[in-house]
Every structure is written in C-alpha cells, then in structure tokens.
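Data first, discussion second: the structure below is written as structure tokens.
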Protein chains: 2
Amino acid sequence: MLTDTEKKIMNSARAEFEQKGFNGARLQAIADAAGISKPSLHYYFRSKENLFQKIFDEALDEYMPIVNTWKNDSLTWEQKIVSFTQELVKYVQNGHMLFIIREINRNPDLLEDRIKKGKGTNSFVTYFEEMVQQDEIQQTDSRILFIMVHSICSFPVLNSQMFQKSLKLSEKKYNELMEDYAKVVADLIINAIKK
Amino acid sequence: MLTDTEKKIMNSARAEFEQKGFNGARLQAIADAAGISKPSLHYYFRSKENLFQKIFDEALDEYMPIVNTWKNDSLTWEQKIVSFTQELVKYVQNGHMLFIIREINRNPDLLEDRIKKGKGTNSFVTYFEEMVQQDEIQQTDSRILFIMVHSICSFPVLNSQMFQKSLKLSEKKYNELMEDYAKVVADLIINAIKK
DNA sequence: AATTGGTTTGACCATATGGTCAGACCGCAA
DNA sequence: TTGCGGTCTGACCATATGGTCAAACCAATT
C-alpha cells in the first residue's frame with residue numbers, strides 16, 4: 001500500500017514525466033509540486049531512474065483497460081467495432097500514449113525489461129483473430145486490421161496539433177470533429193471489411 | 001549556402017536531436033560526431049536553441065514531399081490512394097515524424113512560431129476535398145478521411161515497437177508485414193468509401 | 001520524561017552542461 | 001614577409017541538477 005506522501009509524489013511525478021519526458025523532468029519540480037523536499041524524494045524512491053520506472057510501469061499497466069466490449073456476447077461484430085473505436089479514442093485522449101511511445105523510443109530497453117519481468121503487453125490481438133473468422137467478413141489479415149484500427153484511433157490524438165493547423169481548426173472545433181470521427185470511422189472500417 | 005563544416009554539424013545535430021530529443025541532446029556529442037570542438041558549434045550556430053530551430057525547421061520543410069501522386073491526372077482516384085498510402089508509409093519510415101510530434105508536444109510554440117513566420121503546414125487537405133467530390137465515392141467528410149489516411153500510414157511506424165511485441169514479431173517480420181500493410185490498407189480504404 | 005523508529009529537511013557535494021574568451025592557426029593578398 | 005580576415009580550440013566559467021548526510025522533528029511506547 002502507498003502512504004499519503006508516496007501518492008502525492010507519484011501524482012506530481014507522473015505529471016512532470018509525462019509533460020517533460022525523462023530528460024526534461026526535474027526532481028526539484030516534482031518535489032515542489034508534491035509539497036515536500038528533494039531529499040524526501042530520495043527517501044521514498046531511491047533515484048530519478050527508479051521513480052521513473054514506477055511511473056512508466058504504471059502507465060503500461062493502465063494501457064487500454066477496454067475489455068468489456070469484447071466480452072459482451074450480446075453485441076454483433078459491427079457493434080463491437082463501433083464500441084471499441086469509441087472507447088479507444090476516449091482512452092487515448094486521457095491516456096499516456098505519447099508518453100509511452102516517446103520513452104520507448106528514447107530507450108527501447110524499457111519494453112524489453114518489462115517483457116523479461118513477465119508482464120507482457122496485454123493486447124487485443126486474439127479478439128481480432130476471432131472476429132475475422134466471422135462469415136460476413138471478407139478474408140482479412142487480423143494483424144493488419146489490428147494495427148489499422150489502433151492507428152486510426154490513436155494517431156489523431158497524438159498528432160492533434162498538426163492536424164489542427166493543417167485543417168485550420170481551433171482546438172474546440174477539432175475536438176468536436178473528433179466526436180464525429182469516432183463514429184464515422186467505425187462505419188468506414190465496417191464497410192471496408194464487410195463482404 | 002552552407003559551408004562544409006556547417007553541413008557536418010547539421011548532420012550530426014540532426015542525428016542527435018532526433019534520437020535524444022532537445023533535452024537529451026548534448027552539444028559535446030554533436031561536436032564530437034562532427035569532428036570539431038564545442039566552441040566551433042557556437043561559432044556557427046549561436047546556441048543550442050538556435051541550432052535546434054534550424055534542424056526542426058528543416059524537418060518540417062521536408063515533411064511529406066509527395067505531391068506527384070496527386071498531380072498525375074492519368075491516375076484514377078483508386079490508383080491515387082494506392083500510390084499515396086505507399087508513398088506515405090515509405091516517407092514516415094525514413095522521416096522525422098516522431099521527432100516532430102515529440103518536440104511539438106514539448107513546446108507547442110514551435111508550430112505557432114512557424115505559422116507566424118509565414119510558412120504554413122503544407123498539407124494535402126485540398127486534394128482530399130477534391131477527391132471526395134468523385135461520383136463513385138459515397139459522401140464522406142474529407143477532413144475525416146484526411147486524418148484517417150494519415151493515421152493509418154503514420155502510426156504503425158511510430159508505434160512499431162509496441163506492435164512488434166503485441167504481435168510477437170521480430171523486427172524483420174514486422175517490416176515484411178508492413179509491405180503487405182501498405183497494399184492491403186489502400187484496398188480497405190477504397191472499399192470503405194466506394195459507393 | 002526519556003527512548004525509539006520512522007519521517008523530513010537545510011546544507012552541501014560532484015558532476016555535467018551550455019556558453020565564453022583570448023589566442024592560435026591558416027590561406028591569401030599586398 | 002607581413003598583415004588580415006575568417007576559422008578553430010584549450011581552458012575556463014556559471015549554473016543546474018541528481019544525489020548525500022547529519023541533524024531535526026514527531027508521534028507512539030515505556
């Protein structure tokens with residue numbers, strides 16, 4: 001269990017690391033935001049590296065907890081796709097996607113270490129494999145579908161700044177467009193793979 | 001025109017900044033890689049900030065020089081999509097996409113400044129607008145199509161590490177899959193928007 | 001009141017890093 | 001040869017930053 005102080009530290013550390021990245025993050029800033037002194041940081045978490053590991057691990061743990069959609073047998077495959085895309089977009093919007101990608105790129109060992117530690121990347125590959133078996137779906141490589149759906153849902157959030165400028169939209173307008181996007185895109189995907 | 005030394009510096013600076021990010025990059029490392037001394041860096045480029053700006057601007061300039069596809073009138077719209085997706089995937093693979101996204105996220109002013117400086121983000125929005133007019137295409141929001149196509153092509157490259165682990169593929173196998181991906185995905189997009 | 005164990009911090013250290021400066025180096029024109 | 005403009009660098013500086021340590025603080029126990 002985490003003490004009160006540890007929670008405060010984790011919270012401000014998460015904010016700092018996510019916004020600035022490992023290299024940009026400052027322990028002093030984390031300490032200040034948590035309302036404690038720098039030595040206290042080291043008292044609870046040995047080092048910057050160690051604190052970062054905790055935050056990063058946590059981010060990967062929380063990566064996509066959207067399993068309900070797939071387990072719900074009363075949904076048709078079309079409904080599952082609609083629900084999944086919407087949930088995924090929503091998830092990425094509040095999530096740690098860019099943080100994870102950025103830091104993995106900085107240091108690929110982060111993923112390797114984690115896999116060695118047992119915790120795999122909990123993916124939804126199998127769900128896609130099953131879905132593609134459906135009679136009404138044309139023959140499709142489930143892996144390609146898997147990658148495509150994730151891309152469609154994640155990238156517009158990651159790259160929002162560029163898209164906003166390209167389309168000359170305010171942040172508000174862009175977010176409005178995103179709501180449409182999630183719906184329209186699900187239909188397009190369904191349309192694309194339906195026989 | 002750039003002197004020989006300036007070119008060497010730009011090259012090693014580009015490599016360093018792209019791999020480590022602004023905060024992770026070290027001027028000493030750039031100087032070493034260029035085979036010159038640190039003061040020489042400051043002689044040619046006033047400061048780290050300034051050198052970074054040059055590299056970043058250049059990266060944005062080179063962002064997607066794939067205009068030929070669209071200007072080629074002998075191609076059907078289907079062929080254009082096929083060609084465009086393949087070119088785009090190829091571009092992102094060698095490109096600076098993650099670098100750009102990472103740094104914009106670190107400091108959104110980077111984009112703002114550039115737009116104020118006149119250089120817009122050269123997008124392909126208009127091409128999509130025109131294409132969607134086609135009779136054989138069902139009514140589609142060109143902006144959504146624009147975002148979707150870019151996402152499909154860019155994200156698999158950015159997030160390659162995660163996808164590799166999720167799908168339990170070696171880097172080699174993943175790159176092979178990517179070749180299929182570019183083709184298959186074009187068909188899926190066409191299928192999705194065709195009447 | 002005194003002791004003890006866990007918690008917290010001011011003061012400090014070693015190192016890394018961006019940046020500066022006086023002077024060396026070098027090709028070339030006078 | 002000399003002088004000059006441009007190029008280049010060793011030595012140095014100021015500051016930021018991760019990390020340490022001895023001492024203070026404090027609640028609970030005896």
* Asked: Can you list, shortest first and in nm, the gaps between the label point of B:Glu136 and those of its counterparts in the other copies, using a point 7 Å from Cα in the C-beta direction?
  -> 2.6
* Any chance you could give the angle, 0 to 90 degrees and rounded to 10, that helix B:142-158 forms with the longest Cα principal axis of chain B? => 50 degrees
* Per-residue Cβ neighbour rank within 10 angstrom, fewest leading, A:Asp113, B:Asp135 -> B:Asp135, A:Asp113
* To do: Using only alpha carbon pairs under 8 Å that are at least six residues apart, calculate the relative contact order of region B:4-55 and give it in whole percent.
  => 39 percent
* In nm, what does the list of distances from A:Lys168 to its counterparts in the other copies look like, shortest first, when each label sits 7 Å along Cα to Cβ? -> 5.1
* What is the order of B:Glu58, A:Glu18, fewest Cβ neighbours within 10 Å to most? -> B:Glu58, A:Glu18
* Asked: Just how far, in whole angstrom, is region A:1-41 from region B:9-33 if you go by their alpha carbon centroids?
  -> 28 Å
* Is there a simple number for the mean count of other chain Cβ atoms within 10 Å of the Cβ of residues in A:161-172, and what is it? -> 5
* **Theoretical ellipticity at 222 nm over the protein assembly as shown - DSSP helices of four or more residues, -39500 (n - 2.57) apiece, nearest 500** => -23500 deg cm²/dmol
* To do: Could you list A:Thr5, A:Thr140 in order of exposure, starting from the residue whose Cβ has the fewest other Cβ atoms within 10 Å?
  => A:Thr5, A:Thr140
* Asked: Extension gain B:Leu2-B:Asp180, at 0.36 nm per residue separation less the Cα-Cα distance, in nm?
  -> 60.0 nm
* Asked: How crowded by other chains is B:104-113, given as the mean number of beta carbons from other chains within 10 Å of each beta carbon?
  -> 3
* **Förster radius 22 Å - calculated FRET efficiency between A:Lys117 and B:Lys173, Cβ distance, rounded to 0.05** => 0.40
* To do: Would you mind pulling out the separation of the Cα centroids of region B:84-139 and region A:91-152, in Å?
  => 24 Å
* **Environment charge at A:Glu129 (Cβ cut-off 12 Å; Lys +1, Arg +1, Asp -1, Glu -1)** => -1
* To do: Using R₀ = 22 Å, calculate the FRET efficiency as 1/(1 + (r/R₀)^6) where r is the Cβ-Cβ separation of B:Asn72 and B:Thr126; round to 0.05.
  => 0.90
* Percentage relative contact order, chain B, counting C-alpha pairs under 8 Å, at least six apart -> 20 percent
* Shortest first and in nm to one decimal, what separations exist between B:Ala15 and its copies in the other chains, measuring from label points 7 Å along the Cα-to-beta-carbon line? -> 4.0
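Since every read-out is calculated from the coordinates, none of them should be taken as a lab result. The shown structure was predicted, so the numbers you read here are calculated from the model rather than taken from an experiment. Note that each Cβ is placed from the backbone with ideal geometry, even for glycine, and that neighbours are counted across all protein chains shown.
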